[in-house]
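Okay, so here's the structure we're looking at.
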């Protein structure tokens, strides 16, 4: 019996020590932010449309106009935001990248996800254990953990071109973004997400060829 007590005490000490020594991340990587945004989408998406909130991420209209201008350089209406899933994902990713810098520095990965999910829902990153917030936070954490980091996922050429176009648009590289979105449209003619993504870009310079060839290929991530 005494041996069992010592074993339990030692095990408890080891567990406590492992928690204390848990790795701390200075800041989430871009890949982790992408996973977080998708987890938030899965946790936020309502079974039925909710009046007054837009896209799968359930964004308030005043945030749509502010964030779209801040992140994309062009103000989108809530209706445009709702209709363009690619633009919505790009804008939410941009917003969460800034949120990581403010609310998820110097903490472990799980706590970072919890704090960011709480901030997204309430505006307060410390409320991840609050009764009204915890169910949503737990859904985000669960969805986030489903995708193992570094595990390759099969993507179509359309997905890769759209992702590359979004990244180029975020870098303000309008020409490259337009080319990739056009390639995505070639893969799926009349695709509304690709069409809207092209419309959201500034008009091409007169005399330029919007279909000039791309020498680089989008990364397979």
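None of the figures in this text is laboratory data; all of them are computed from the coordinates on show. Computed from a predicted model, the values in this text were never measured in an experiment. Quick reminder, even Gly has a Cβ in these numbers, built from the backbone with ideal geometry, and neighbours come from all protein chains shown.
Site pair residue 142 and residue 62 shows an inter-label distance of 3.3 nm when each label is modelled 7 Å from Cα along Cα→Cβ. For the range 30-146, the normalised intensity computed at q = 0.17, 0.20 Å⁻¹ comes to -0.80, -1.11 (log10 of I(q)/I(0), Debye sum over alpha carbons, equal scatterers, no solvent). Distance between the pseudo-spin-label points of residue 131 and residue 175 (7 Å out from Cα toward the beta carbon): 6.0 nm. Counting other Cβ atoms within 10 Å as a rough exposure proxy, the listed residues 179, 53, 36 run 53, 179, 36 from fewest neighbours to most.
Rule-of-thumb check for the range 46-98: C-alpha Rg over 2.2 N^0.38 Å? Please report the intermediate quantities before stating the final value.
Values: Rg = 10.2 Å, N = 53, 2.2 N^0.38 = 9.9 Å.
With N residues counted in the range 46-98, Rg over 2.2 N^0.38 Å equals 1.02.
Full extension of the chain between residue 190 and residue 124 gives 19.7 nm of extra length, using 0.36 nm per residue less the Cα-Cα distance.
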